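Bear in mind these aren't lab numbers, they're just calculated from the coordinates by the rules spelled out. In this text the structure is predicted, and so the values were computed from the model without any measurement. Note: ideal-geometry Cβ built from the backbone for every residue, glycine included; neighbour counts use all protein chains shown.
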Amino acid sequence: MTHPPTGILGLNLGGPRTLDDVRPFLTRLFADREIIRLPGGAVGQQLLAGLIVRARLKSVQRNYASIGGGSPIYRYTAAQLDGTAQRLADRLGRGFRPYIAFRYSQPTSDDALRAMAADGIHEVVVLTLYPHYSTATTGSSVRELRRALHRTGLSRRFRFRVVDRWYDHPGYLDALTHRVREALDTWPRDRRRSVVLLFSAHSLPLSFVEEGDPYPAHVAATVSAVIQRLGPDAPACRQLAYQSQTGPVRWLDPRTERVLAELGRAGARDVLLVPVSFVSDHIETLYEVDQLFADAARHAGITTFRRTRSLNDEPGFLDALADIVAGALDAPASEEVAPCASA
């Protein structure tokens with residue numbers, strides 16, 4: 001009898017595939033108190049979310065129009081999971097099947113669970129595609145998956161192993177360092193040491209940090225490991241900043257655009273930005289970095305502003321994801337969706 005394949009369920013934020021998808025995407029995002037806590041409790045959250053979406057809809061649609069009319073995150077997430085499943089099948093000689101559960105767009109956790117049930121899947125490795133754990137990202141996605149199990153009536157259907165962070169996995173760090181090296185190599189050798197290496201991570205509301213969220217420490221550990229891997233090739237000046245702050249709450253600083261302005265005033269002329277918390281291209285890289293931050297750098301007097309290519313479906317990165325999933329297969333499985341690591 002053929003053993004049914006193991007499901008690989010990738011968790012990610014998601015994004016609108018078309019301009020018409022922007023409104024429901026933003027509505028789900030701002031209504032979620034697990035990612036951003038707006039004033040006024042649950043009722044205030046819903047009211048303010050509606051106001052924010054109405055106020056921002058047209059401008060956000062223009063932003064997506066400028067990168068092709070939608071987010072490429074589905075395409076890259078599918079490629080990452082397909083590549084991971086194929087590598088595991090080749091390595092272990094048995095079947096793996098990829099599924100996607102986006103938090104704020106389709107396919108949702110409900111969609112993924114129903115698809116896995118229809119395909120006869122029983123064993124599932126839940127793989128976050130956020131390298132750095134936060135209760136606002138991976139935590140929110142895992143809690144939504146638990147709720148979806150009950151909504152769909154499938155709470156006893158699967159046995160799960162959960163990978164909820166991999167910010168320090170050697171294969172991931174090697175792939176990220178490779179992206180930094182290839183970008184540094186675009187500068188003349190005699191200028192590389194003077195390039196400012198600016199790591200930019202998605203920001204996090206300070207309320208989560210004050211409650212002990214490990215995200216800032218995880219990001220800092222990744223940055224430190226990449227610099228260590230660069231060795232003598234590492235630029236002398238490197239900084240960590242945070243981007244994508246939105247909504248009327250306090251956010252983790254310093255802001256990337258503010259750091260760029262300060263670097264310009266300090267006389268920096270060459271800056272390489274590393275989007276350290278993102279594993280694929282989407283609005284934060286293609287619009288915020290490539291357009292907004294590039295403009296900010298020019299206005300600051302920075303003559304050469306570049307960013308590292310996103311990991312996307314880079315073979316070394318897919319090898320790392322396969323290693324991460326393979327390592328999880330040795331952990332005990334459970335009907336409960338429980339994190340496999342402590343913060």
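Here are the numbers:
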| quantity | calculated |
| --- | --- |
| Nearest 10 degrees, 0 to 90: helix 41-66 Cα axis against the chain principal axis | 60 |
| Identified option (computed P(r) over Cα pairs in 10 Å bins from 0, in percent; candidates [x] 5, 26, 37, 25, 6, 0; [y] 5, 19, 25, 21, 15, 10, 4, 1, 0; [z] 5, 24, 34, 25, 10, 2, 0) | [z] |
| Sites Ala326 and Ala117 - FRET efficiency at Förster radius 25 Å, r taken between beta-carbons, to 0.05 | 0.55 |
| Using a Förster distance of 45 Å, the FRET efficiency for Asp185-Arg151 (Cβ separation, nearest 0.05) | 0.35 |
| Principal axes of region 216-301: Cα extent on each, largest first, Å | 38, 30, 24 |
| For peptides 205-214, 183-192, sequence by mean Cβ density within 10 Å, most packed first | 205-214, 183-192 |
| Amide H within-cut-off set for Leu198, under 5 Å, with H built and near neighbours excluded | Gln239, Leu272, Leu273, Val274 |
| Angle in degrees between helix 315-328 and the longest Cα principal axis of the chain, rounded to the nearest 10 | 40 |
| Region 70-84 - phi-based ³J(HN,Hα) in whole Hz, Karplus 6.51/-1.76/1.60, Gly and Pro as x | x, 7, x, 5, 5, 4, 6, 5, 4, 5, 5, 6, 4, x, 5 |
| Estimated inter-spin distance, Ala79 and Arg258, nm [label 7 Å along Cα→Cβ] | 3.5 |
| Region 194-343 shape via C-alpha gyration tensor axes, a/c threshold 1.5 | prolate |
| Expected 222 nm ellipticity per residue - DSSP helices of 4 or more, -39500 (n - 2.57), all of the chain, to 500 | -13500 deg cm²/dmol |
| Under Karplus coefficients 6.51, -1.76 and 1.60, residue-wise ³J(HN,Hα) of region 177-187 in Hz, glycine/proline x | 4, 4, 4, 5, 4, 5, 6, 4, 5, 7, 8 |
| Per-residue HN-Hα couplings for region 130-135 [Karplus 6.51, -1.76, 1.60; θ = phi - 60°; Hz; x = Gly/Pro] | 9, x, 9, 6, 9, 5 |
| Cα centroid separation, region 217-279 to region 146-206 (Å) | 14 |
| The chain, relative contact order [Cα under 8 Å, separation at least 6], % | 23 |
